[in-house]
Each structure stands twice: as C-alpha cells, then as structure tokens.
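Data block below; observations after.
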Amino acid sequence: MATMRNVLAHSIRLVSMLLAVGASAAKDGEERPRVREFQEPPTIRVLGTSARFRLEGGEGVEMWLDAETLGALALADAIACLPSSVVATRLPWPDIGSEGGPGAIGAEWSPAERRLHVRMGSLPLITVQLPDGGTPSRILLRHLDRLALLVLRPTGGPAIWVWVGTLRFVLLVPDAEQYLLCEVEEARVGSQVVEKSALLQGLSVSRLDEAGDVIVIGRSPAGEPFHHRHRVCAADLEERLNRALGTLSRTLKIEAAAGRFDR
Amino acid sequence: MNSRYPALIRCAVPGGLAVAVAMVVRCVTAAPPPDVQAILTQHGADPTASAQAVVARGPSAVAELRRLAVSGPAEMVPLAMRAWAAARWTRLGIASTGALFTAEEPAALAAWETLVAERGAAALAVALELSETPGLGARAMRFVPVLLSAAAAVDVAAWIAHQTLTGSDDAERLVRLLMEGAERTRDPVPQARVVEILLLLWRYREALEVAERSFATSSADVFVSLAATAIRRGGSDEALVSAFDRLYRGRADRAGRELELVFWIRVAAQLGRAEPIRGKLRPPDLLRLPPADAAQVVQNLVRLGLASEASGLLFAGQAPFQIYLRAWARRAAGETAAEASDLSTLETSLGNDGELLKGEALAAADVMDRLGDVSAAIRLWKRIIDAQPPGTLHDVNAHLRLARVAESAGDLTNALAHCEEALRISRELDTSTLTGPGGQRGTEWLMRAILELRRRLGARELRNPP
C-alpha cells in the first residue's frame with residue numbers, strides 16, 4: 001500500500017513538474033510570437049506650414065502644402081538636396097535676401113559648369129551638378145525638413161536666399177487600421193516609442209532619415225499575441241520625397257503654362 | 001496551448017493513472033459550475049422566475065442553463081428548456097418580443113430600427129437569438145443589413161471582439177450570422193461592411209470568403225480591394241495559390257467561373273503577385289470572357305509582367321476585340337512584328353467588301369478605349385456611324401461614346417450634337433431595347449442628358465459672350 005502511495009505521489013510530482021514546464025513554455029511562446037514582416041513601404045504625408053492644398057506626389061507621397069511652398073516649387077527651375085549623410089544636423093540658414101555669411105550656409109553658382117557649390121562658411125559641403133538645357137535662375141534647396149529658394153545670377157557668384165520654409169513629415173503605416181481593436185503593448189518607430197493613436201493616425205517624424213522600422217507588439221482582437229515589423233527604409237523615403245518634389249515642381253509649371261491657374 | 005497537457009501526461013505516466021491525474025488536475029483548476037440545477041429545482045413551476053434568477057447569476061450561469069437545455073440530465077431538460085426560452089430574451093433585456101417576432105414586415109423593421117438606434121452594435125445579440133429561433137431565421141437575416149447600415153463597422157467589430165475576450169462562444173456565432181447575412185443580401189454596401197468587420201477582427205479567411213461571394217453578385221470593385229487587404233494582412237498568398245489551382249483543375253465551362261477568374265486576377269494584380277497565375281490559365285479562360293472583362297484581365301496580366309502569356313492564351317481568338325487584345329499584349333511583350341500582323345488581321349476581321357460588322361466593331365472600339373487607345377476607338381466609332389446600314393442601335397451607342405469623349409474634352413457643342421443624333425435614331429428604333437445607366441429608360445436618360453448639356457452650354461455662353 002505504501003509502495004502504491006509512493007508511486008502515486010511520485011507520478012503526481014512528475015506530472016506537476018511537466019505541467020509546469022509545459023505552462024512555462026506556453027507562456028514563453030505567448031510572450032514571444034514569431035515576428036511577422038510587412039514589406040509594403042509607408043506613405044509619406046508631407047505637410048507645409050499650413051495644409052491648405054492637397055496634391056498627389058505619386059509613389060506613396062501625399063503633399064499637403066501651403067501657397068508659399070507651392071509657389072517656391074512652381075518657381076524653381078531645379079531642385080537640389082543636401083543629403084543628411086553630408087550634414088546630419090540643422091545648419092544655420094542665412095537671412096532672406098542675403099547671400100549667406102561666415103556663420104551660415106552659402107551657395108556659389110558657376111554658370112559655365114552648371115554647378116552649385118554649397119558651403120558652410122568656407123567649408124565645402126556639396127556640389128550640385130545641374131543637367132544641360134535652359135538657364136536656371138532659381139533653385140530649390142532642401143536639407144532635412146527645410147526648403148530654401150535661391151536666386152542664381154546669370155553671371156554666376158553667390159546665390160541669394162529669397163525664401164525659406166519648413167516641412168513636416170507623417171508616416172502612414174500600411175494597413176495600420178488592423179490595430180484598431182488590438183491591445184497594443186508596445187509600438188516603436190526605430191527606437192522612438194509611439195502611442196497607438198499615432199500608429200493609427202500617422203507617425204510624425206521630424207526628419208525622414210531618423211525613421212526606422214515600425215515595431216508593433218500586442219494582442220489581436222481575439223487576444224492572441226503578435227509581433228509585427230513594418231519595414232521602413234530611410235533612404236527610400238528620402239528618394240521618394242525628392243522625386244515627388246521634382247514631379248510636383250514640373251507639374252505646376254506645366255499647369256501654369258497651360259493657363260490653368262488663370263481662374 | 002491547453003492541448004499540450006494531455007500529451008504531456010500520456011508521455012509521463014502510464015494509462016489509467018494518467019487519466020485519473022488529468023481528471024484531478026482538471027477538477028482542481030476548473031471553476032465550479034454555477035448551481036443552475038438547484039435554481040431550476042427551486043423555481044420549478046415558474047420558468048420566468050428561474051430565468052430571472054439564472055440571469056442574475058451572470059453569463060456563466062446563462063451558459064450553463066443553455067447547456068442543460070441542450071444536453072443536461074434527462075430529468076432537467078424540460079425545466080431547463082422552459083427556463084432557457086424565457087432567459088434567452090431576459091438576458092438581452094428584451095421585455096416583449098411581439099414586434100420583432102410576430103409583426104408584419106414594416107412594423108417589425110421599425111421595431112428593429114428602434115432597437116438598433118437604442119443599442120447600436122449590441123442589437124446584434126438580439127439578431128443572433130432571432131436567427132437561432134425556429135421560423136425567425138429569415139427575419140433575422142433581413143434585420144442584419146439594417147444594423148449594418150446604422151452601426152459603424154468598428155463598433156460592430158469591437159462588440160464582437162468584446163464577446164471573444166469575455167470567453168463567450170457568441171463571437172463565433174455572430175461571425176457566422178454576419179457571413180450568412182452578407183450571403184443573403186444582394187446589396188454590396190452591407191456586404192462590404194461585413195468584410196470590413198471581419199478584417200478588423202483579423203478573420204482574414206472569412207473576409208476573403210465573403211468578398212469573393214459578394215463579388216459574384218455585384219462585381220463591385222470594393223471587394224477586390226478588400227480581398228487584397230485580407231491577403232496582405234493575413235501575410236500569406238496561400239489563398240491566391242489555391243484559388244488559381246482550383247480554377248486550373250476545374251471545368252472550363254463551369255457556371256460562374258468567368259467571374260471567379262476575373263476576381264482572382266484582379267486581386268493578384270492589386271497585390272502585384274504574378275507567380276500564383278503563371279501557367280495556371282488556359283485559352284478558354286480568356287476566350288470565353290466578354291469584351292470588358294477580357295480587356296481588364298489582359299490589362300492586369302500585362303501589369304503583372306505576363307504579357308506573353310496573355311497573347312499566347314488569345315492565340316486562337318477570332319473576334320475583333322480578341323485580335324486587338326492580342327495585338328495589345330504583344331506590343332507590351334515587345335513583339336512588334338506580331339502586333340502589326342494582328343492589327344492587319346483586325347482590319348479584315350471587321351468586315352468584307354466595304355461592309356462593317358458594327359457590333360463587332362463597337363466591342364473592339366470599347367476595348368481600345370478601355371486600354372487607353374482613345375484615338376483608335378474614336379476612328380472606329382466614326383466608321384460605325386458612316387457605315388451602312390444607318391440608324392442601328394450600334395450607331396446610337398457609337399454616338400453616345402463620341403458624346404462622352406467630346407464632353408470630357410470640354411467640347412460641349414459636339415457632345416450635344418452626338419446626343420441629339422443618338423436621340424433621333426433611338427426614336428426610330430424600338431425604345432424597349434434602349435437602356436440608360438442604372439437601368440433607366442434610354443430615351444428618357446438621353447433627353448435629360450441633352451437638357452443638361454444645353455444648360456451648361458447656355459451658362460458658358462453667358463460667362464463668355466461671343
């Protein structure tokens with residue numbers, strides 16, 4: 001009888017241990033579900049000082065711009081970008097109407113070579129080579145979230161800053177609506193933690209080069225754990241934005257030439 | 001997760017001992033069932049009192065009552081059934097079911113609308129009970145679209161999700177109810193709403209099923225994009241692969257196959273997935289399609305980089321629009337010589353000895369227009385008007401196409417002239433054959449279009465006097 005009791009007690013202990021191991025494994029499995037990757041790139045919503053006019057930039061870029069920014073885009077003969085890989089921080093921009101000074105960005109125009117040399121004081125930053133054709137008289141320069149319209153003298157020399165503006169960026173995660181009824185335990189853009197509401201309505205980023213993969217961890221509407229990673233490539237965002245600005249600038253000129261803005 | 005335990009036990013200890021231990025564990029861990037049997041015994045003769053007492057004990061007691069009514073001990077079943085008949089409505093806060101149960105259609109619908117206005121998405125629980133009440137299932141199905149048009153998809157989905165999280169089995173039944181409701185109605189608006197709800201609940205397989213079925217009844221574009229969303233969010237192309245496998249293995253002359261094919265090709269095109277389609281289509285798949293569908297399918301195949309496959313499938317096509325589509329696909333595939341040969345064949349296929357097969361020409365012109373070759377379409381529409389015999393239905397259609405093109409180019413005078421000519425011809429024809437957009441009578445629609453064009457022309461002349 002005692003032997004029987006011992007066997008029973010031993011078996012129950014064994015089962016309890018196995019149950020504990022099983023439960024622990026299940027709990028671990030619940031906490032760390034397989035990461036699902038989403039490859040669709042996010043839509044970039046570009047916002048001007050006021051979001052008065054909504055225009056399609058193509059390739060998943062939406063433009064919500066003010067009249068001044070639209071005007072600058074329409075006037076520009078070319079668009080140049082100072083990549084964040086060259087200068088990763090915001091630089092002091094010169095005053096309107098000036099040519100830049102010792103403590104600010106400046107740009108030198110060489111009409112013969114069709115090159116714009118952008119410098120910070122005496123330090124060269126980047127040289128923009130403009131394609132052949134036409135004589136550019138205005139260039140729109142973008143650096144990070146800032147735009148500036150520069151007037152070029154036909155004879156060359158320092159360009160004059162005539163307008164500066166700022167853009168804001170919102171990244172719209174594809175299919176973010178799927179998280180509407182989920183319990184979101186953690187949401188991040190790169191290393192920056194964001195709220196669920198931002199995930200659903202759009203993630204504000206001050207600079208596109210700071211955007212990273214969007215990670216969402218939580219529980220589905222049925223209460224099952226999930227771990228999602230939406231791939232975001234900062235370089236792709238930058239390229240799409242540059243192309244969209246170029247396309248919009250060309251479209252505005254075509255529309256103006258066709259007299260569609262007369263009314 | 002729970003299914004691991006029996007497996008572990010079977011491995012750890014032999015036979016009967018394992019079962020005994022499992023039962024002990026189960027008894028220790030499970031919550032004690034509510035003592036519903038005692039309540040039933042206590043109020044035995046009064047089912048309403050039993051029902052109220054059970055409902056007061058909470059959802060688990062109601063679930064237990066339902067279980068007893070269905071599969072309880074034989075002596076308890078009659079009591080439980082009577083109590084359940086009262087409790088099922090009491091628990092939903094329905095004091096009187098008269099209007100919902102017995103009233104004629106307008107009064108019943110009005111009662112239902114009031115209930116939906118008061119309770120929003122939670123009224124779905126009442127629809128569920130109605131659907132499970134013998135003889136009232138069809139009525140519940142008529143109520144579901146009313147609820148879907150009044151309550152936001154997210155509210156309905158949130159309410160169902162709440163049922164899931166509270167451990168109630170209602171969620172599954174509610175999903176089935178919505179799916180059945182979508183199947184019964186032919187209105188694409190509530191059908192799309194059901195798919196949206198299923199997407200919000202992460203029920204992607206079911207969402208896809210409803211989207212496919214709904215597309216078969218309405219061909220609405222929205223189901224293509226909803227289905228693509230379901231596949232994208234579900235993270236697997238399995239549904240696409242199995243759909244094309246099924247189509248490939250199925251009979252080419254099966255009813256409804258064309259619509260199914262168009263649906264899945266459009267979904268694949270929206271997702272940019274060519275692989276599930278490659279090698280899975282047969283010539284009849286394209287050759288049986290009507291012109292508009294064929295144009296859309298070929299356009300999607302070309303977009304997916306399957307231009308050569310599309311032209312190969314159309315190889316045996318004899319109808320002018322099929323020859324044009326083949327030429328178009330060959331152009332996309334870079335086969336310019338073959339394209340030129342097809343275009344020359346197209347010319348001869350439109351008629352012999354100066355005669356023009358007007359019906360065939362109209363179909364080909366419509367396909368040209370759809371694929372963006374508007375100038376070629378305009379030339380062909382004009383040829384239809386100039387060709388003998390004059391004053392046919394095809395002439396009316398050609399005039400209307402030309403009027404649309406002229407109107408979108410801002411040439412209202414020309415558009416008006418074409419509409420007036422179309423009206424003149426249509427009056428000489430049997431008017432019962434003419435149909436306007438949305439099933440309107442053709443001549444009436446034309447007269448309204450003419451009046452609208454005259455009004456716009458007049459307004460323009462006032463703005464810009466000659």
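The values are calculated or read from the model by the stated rules, or taken from the named source; none is laboratory data. Everything quoted here is computed from the prediction, not taken from an experiment. Here Cβ is always computed from backbone atoms with ideal geometry, including for glycine, and neighbour counts include all displayed protein chains. When the accessible area is computed, the model is the full protein with side chains, heavy atoms only, and any ligands, DNA or RNA have been set aside. Shrake-Rupley method; radii C 1.70, N 1.55, O 1.52, S 1.80 Å.
Residues being over 24 Å from B:Ser168 (Cα atoms), open to solvent by 70 Å² or more (accessible area, probe 1.4 Å), assigned to a helix (DSSP H, G or I) and polar (S, T, N, Q) are entirely absent from the range B:53-75.
Restricting the range B:415-434 to residues that are at pLDDT 70 or above and in contact with a Lys or Arg (Cβ under 9 Å, 6 or more places away or on another chain) leaves a set whose member that is surrounded by the fewest Cβ atoms within 10 Å (Cβ to Cβ) is B:Leu416.
Conditions (1) of a type in the set (A, V, I, L, M); (2) in a helix (DSSP H, G or I); (3) away from every other protein chain (no Cβ under 14 Å); (4) open to solvent by less than 10 Å² (accessible area, probe 1.4 Å), marked per residue:
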residue: B:Trp112; (1), (2), (3), (4): no, yes, yes, yes
residue: B:Leu124; (1), (2), (3), (4): yes, yes, yes, yes
residue: B:Ala140; (1), (2), (3), (4): yes, yes, yes, yes
residue: B:Ala171; (1), (2), (3), (4): yes, yes, no, yes
residue: B:Glu209; (1), (2), (3), (4): no, yes, yes, no
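The set of residues in the range A:91-118 being open to solvent by 40 Å² or more (accessible area, probe 1.4 Å) and more than 25 Å from the chain's Cα centre (by Cα) consists of A:Asp95, A:Ile96, A:Gly97, A:Glu99, A:Pro102, A:Gly103, A:Glu108, A:Pro111, A:Ala112, A:Glu113, A:Arg115, A:His117.
Each residue in the range A:97-119 was checked for being modelled with pLDDT under 85 and not charged (D, E, K, R), and 7 of them qualify. For the structure I just gave you, tell me whether B:Ala255 is open to solvent by less than 30 Å² (accessible area, probe 1.4 Å), part of a loop (DSSP other than H, G, I, E, B) and over 29 Å from B:Asp155 (Cα atoms). Criteria not met by B:Ala255. Taking the listed residues A:Glu108, A:Glu113, A:Glu68, the one that is charged (D, E, K, R) and assigned to a helix (DSSP H, G or I) is A:Glu68, with no other qualifying. From the list A:Val205, A:Val151, A:Val173, A:Val214, the lone residue that is of a type in the set (Val, Ile, Thr) and farther than 20 Å from A:Arg45 by Cα is A:Val151. Any residue in the range B:189-200 that is at the interface with chain A (Cβ under 10 Å from one of its Cβ atoms), of a type in the set (S, T, N, Q) and either buried (at least 17 other Cβ atoms within 10 Å of the Cβ) or in contact with a Leu (Cβ under 7 Å, 6 or more places away or on another chain) (or both)? No, the conditions are met nowhere in the range B:189-200. Note on the range B:150-169: residues that are surrounded by fewer than 19 Cβ atoms within 10 Å (Cβ to Cβ) and either modelled with pLDDT under 90 or of a type in the set (D, E, K, R) (or both) amount to 8.
Screening B:Ala365 against (1) outside the structural domain of B:Ala294 (by TED's automatic domain parsing); (2) touching a Lys or Arg at 6+ places or on another chain (Cβ under 8 Å) leaves a single unmet condition, (1). Filtering B:Ser219, B:Ser242, B:Ser236 for residues that are within 14 Å of chain A (Cβ to nearest Cβ), hydroxyl-bearing (Ser, Thr, Tyr) and over 21 Å from B:Glu180 (Cβ atoms) leaves a single hit, B:Ser236.
Scanning the range B:282-301 for residues that are over 16 Å from B:Phe263 (Cα atoms) and aliphatic (A, V, I, L, M) turns up just one, B:Leu287. Elements of the type strands (runs of 3 or more DSSP E) sitting completely within the range A:132-227 and holding at least 1 residues that are away from chain B (no Cβ under 14 Å) and under 27 Å from A:Trp109 (Cβ atoms): these cover A:138-143, A:146-151, A:160-166. Candidates are the residues of the range A:78-90 that are in contact with a Lys or Arg (Cβ under 9 Å, 6 or more places away or on another chain) and buried (at least 16 other Cβ atoms within 10 Å of the Cβ); the one that is farthest from A:Arg119 (Cα to Cα) is A:Ala78.
Here the range B:304-337 is the region considered, the condition is being surrounded by fewer than 16 Cβ atoms within 10 Å (Cβ to Cβ) and over 21 Å from B:Leu362 (Cα atoms), and the residue that is farthest from the chain's Cα centre (by Cα) is B:Ala337. Is it fair to say B:Leu287 is among the aliphatic types (A, V, I, L, M) and farther than 22 Å from B:Ser214 by Cα? Here the answer is yes, as B:Leu287 does meet what is asked.
Restricting attention to the range A:47-69, the residues being away from chain B (no Cβ under 14 Å), open to solvent by less than 40 Å² (accessible area, probe 1.4 Å) and touching a helix residue (DSSP H, G or I) at 6+ places or on another chain (Cβ under 7 Å) number 5.
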